[in-house]
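First comes the structure, then the notes that go with it.
The values are calculated or read from the model by the stated rules, or taken from the named source; none is laboratory data. The shown structure was predicted, so the numbers you read here are calculated from the model rather than taken from an experiment. Cβ placement follows ideal geometry from the backbone for every residue including glycine, while neighbour counts extend to all protein chains displayed.
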């Protein structure tokens with residue numbers, strides 16, 4: 001164990017936007033530390049992570065990948081997280097279980113905004129994090145300008161740890177601002193120390209002064225030294241970096257080129273010396289590791305056709321042992337993961353991230369404990385609301401019985417998916433975070449569960465109502481066969497009611513012209529008729545009153561009166577001027593303020609009504625726009641919203657009310673409505 005740190009484990013998440021190079025950085029970290037003998041490549045489809053067919057087909061990270069290595073006497077558990085906004089739930093679920101995070105980004109000012117939601121999550125959860133500016137050999141913007149852009153999306157002050165020597169294709173090395181030593185990069189080898197270039201002395205000095213002044217904001221002793229022009233020791237600077245990073249007060253910034261291992265060794269040294277030990281994260285979660293038994297939390301659930309269920313978990317306190325019972329469930333194996341490779345373990349200490357086998361009934365985010373005393377549930381990442389949907393049907397009708405089980409497992413692996421069988425349209429609808437997200441889910445259904453699916457756009461659950469009443473609508477059902485016949489006779493009043501009142505049935509029978517035992521049959525007939533109105537959709541906001549009728553002492557029955565009521569409704573509803581209604585959803589759209597005007601135009605172009613907008617609480621430079629929007633206009637809204645906002649715009653929605661469809665839109669809807677289905 002390294003003497004500089006009291007605990008021999010560090011758990012580090014690798015996060016960042018899509019295409020920033022996270023998986024390549026993981027490959028470099030594993031290679032440089034000797035965990036692998038050959039670096040994999042995303043394009044060659046041979047990386048430790050991204051080993052699923054779905055990930056390799058798309059050459060992108062789609063789910064959490066865990067890998068471990070040893071460096072400087074410390075056991076590092078790395079979790080490589082997806083960068084696409086459609087798979088960000090995986091990153092959020094993992095981040096709550098790590099000690100620190102590396103935020104990987106590209107040296108492009110135009111793409112810095114994509115970091116904003118991630119920085120906000122890290123700050124909200126007080127997760128220590130540092131920045132690794134990758135691909136510095138392709139930088140088209142000056143390094144100070146890149147830093148200024150990064151400062152604009154981070155609520156924590158940035159502390160530059162390294163200053164580049166050269167830029168873009170001329171990148172040669174870096175200057176360590178702690179030691180003021182310059183280094184030159186060499187492919188496949190550690191960087192060599194070189195004299196500090198004269199042309200960079202002024203820029204290096206200014207950057208170092210800014211670093212020390214930022215650290216001094218949290219250390220009075222360092223502030224006194226700076227005021228008295230006393231040069232602080234390197235040990236003091238590193239100690240401040242460790243303390244202030246561990247307290248999530250600063251964000252150190254490193255540079256490099258992961259494809260060539262440039263900057264990876266200094267990054268490892270910083271992880272070794274400056275990232276906090278696991279007890280710091282545990283204390284932040286309110287867990288005392290000294291006086292509690294084994295407590296763990298599930299960060300990710302995997303299902304494999306061969307190995308069954310695996311639950312990747314962070315051990316917050318105590319020690320897990322193979323075969324231990326957690327939450328009343330006996331563990332079916334304890335493993336260290338390196339991509340898809342599993343190494344069996346007999347035990348896992350406090351701070352470890354390990355996989356637990358066959359924990360049936362346990363879900364991502366669940367808190368696990370070994371004791372008999374109940375343990376409070378640990379906080380878990382909020383499940384993102386679904387924003388994109390497709391209706392799915394099995395290509396083979398015989399597979400319908402398998403859908404529920406397969407979808408349940410799919411949702412265990414990915415909690416940001418959701419499915420429902422819609423009560424009005426009777427479609428099975430799969431909800432998620434975007435088109436690619438759902439396509440990946442469908443690929444998994446086909447590959448893992450042999451369930452190929454056909455897809456189509458979900459039907460909009462239109463309703464209909466009436467504009468005017470109809471009085472004394474007559475319905476008579478008379479049917480004579482051998483033996484007893486069928487006879488029912490009713491007069492109904494039908495009238496519209498205020499929007500949102502639903503359906504109401506009453507009777508005003510005088511003199512027993514319709515016997516009491518037959519009135520429930522009348523109501524049943526009315527209700528059944530409202531399931532499909534004259535326009536073919538369910539009818540709402542209607543009141544029906546049974547006013548009169550007649551019966552036969554032998555041939556009348558509840559069934560006959562139900563049929564009579566249906567006949568009366570069929571005739572009467574067509575007289576009431578049916579009106580098509582559409583569901584209106586309430587949307588809260590979150591966007592950077594620079595894009596608010598574009599969003600307002602987007603909403604207006606989709607028949608939406610802007611209710612207002614204001615600054616988003618605790619999000620500097622962001623707005624929340626309150627909107628009412630027809631559900632028919634919502635299907636690809638998230639696609640266009642992300643296109644307008646560099647991928648960072650999002651929304652939450654819920655059904656709000658029903659509203660009359662404009663005549664021209666209603667004509668188009670009715671023209672394309674299926675002849676079967678609703679009607």
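The residues of the range 311-344 that are within 10 Å of residue 359 (Cα to Cα) and crowded, with 22+ Cβ neighbours inside 10 Å, listed by number, are 311, 326. Considering the range 481-502, and only residues there that are closer than 30 Å to residue 584 by Cα and at pLDDT 95 or above, the residue that is surrounded by the most Cβ atoms within 10 Å (Cβ to Cβ) turns out to be 494.
Among the residues of the range 565-582, are any farther than 26 Å from residue 673 by Cβ and in contact (Cβ under 8 Å) with a residue 24 or more places away in the chain? Steps first, answer last, please.
Step one: list which residues in the range 565-582 are farther than 26 Å from residue 673 by Cβ, which gives none.
No.
Does residue 242 meet the test of being surrounded by fewer than 22 Cβ atoms within 10 Å (Cβ to Cβ) and either out of contact with any helix residue (DSSP H, G or I) (no Cβ under 6 Å at 6 or more places or on another chain) or modelled with pLDDT of 95 or more (or both)?
Details: surrounded by fewer than 22 Cβ atoms within 10 Å (Cβ to Cβ): yes; either out of contact with any helix residue (DSSP H, G or I) (no Cβ under 6 Å at 6 or more places or on another chain) or modelled with pLDDT of 95 or more (or both): yes.
The answer is yes for residue 242.
Residues of the range 548-565 that are in contact with a strand residue (DSSP E or B) (Cβ under 6 Å, 6 or more places away or on another chain) and either at pLDDT 95 or above or at positive phi (or both): 548, 549, 550, 560, 561, 563, 564, 565.
Considering 342, 336, 306, the condition of being in contact with a strand residue (DSSP E or B) (Cβ under 8 Å, 6 or more places away or on another chain) and either modelled with pLDDT of 95 or more or in a loop (DSSP other than H, G, I, E, B) (or both) is satisfied by 336 alone.
Pairs please, first residue from the range 592-610 and more than 14 Å from residue 634 (Cα to Cα), second anywhere and at pLDDT 95 or above and loosely packed, with under 13 Cβ neighbours inside 10 Å, Cβ atoms under 9 Å, 6+ apart in sequence or on different chains. These pairs meet every condition: 593/615; 610/604.
Can you say whether residue 284 is under 24 Å from residue 95 (Cβ atoms) and out of contact with any strand residue (DSSP E or B) (no Cβ under 9 Å at 6 or more places or on another chain), as far as the supplied structure shows?
Working: under 24 Å from residue 95 (Cβ atoms): yes; out of contact with any strand residue (DSSP E or B) (no Cβ under 9 Å at 6 or more places or on another chain): yes.
Here the answer is yes, as residue 284 does meet what is asked.
Return the only residue of 361, 365 being assigned to a loop (DSSP other than H, G, I, E, B), on the phi > 0 side of the Ramachandran plot and surrounded by 16 or more Cβ atoms within 10 Å (Cβ to Cβ).
Numbers: 361 fails: surrounded by 16 or more Cβ atoms within 10 Å (Cβ to Cβ).
Of the residues listed, the single one that is assigned to a loop (DSSP other than H, G, I, E, B), on the phi > 0 side of the Ramachandran plot and surrounded by 16 or more Cβ atoms within 10 Å (Cβ to Cβ) is 365.
Taking the numbered list (1) outside any loop (DSSP other than H, G, I, E, B); (2) surrounded by fewer than 22 Cβ atoms within 10 Å (Cβ to Cβ) in turn, residue 127 passes all entries but (1).
Out of curiosity, is residue 272 buried (at least 23 other Cβ atoms within 10 Å of the Cβ) and either touching a helix residue (DSSP H, G or I) at 6+ places or on another chain (Cβ under 6 Å) or assigned to a helix (DSSP H, G or I) (or both)? When the stated conditions are applied, residue 272 does not pass them. Here residue 209 does not fit the description of being part of a loop (DSSP other than H, G, I, E, B), out of contact with any strand residue (DSSP E or B) (no Cβ under 7 Å at 6 or more places or on another chain) and under 15 Å from residue 159 (Cα atoms).
When the range 145-178 is examined, which residues are found to be within 16 Å of residue 109 (Cα to Cα) and free of Cβ contacts under 8 Å to residues at least 40 places away in the same chain?
At the first step, the residues of the range 145-178 found to be within 16 Å of residue 109 (Cα to Cα) are 145-154, 158, 167-168.
Residues satisfying the conditions are 145, 146, 148, 151, 167, 168.
Pairing each residue of the range 40-58 that is assigned by TED's automatic domain parsing to the domain that holds residue 68 with any residue that is surrounded by fewer than 15 Cβ atoms within 10 Å (Cβ to Cβ) and not in a loop (DSSP other than H, G, I, E, B), provided the two are 6+ apart or on different chains, yields C-beta distances under 7 Å for 53/447.
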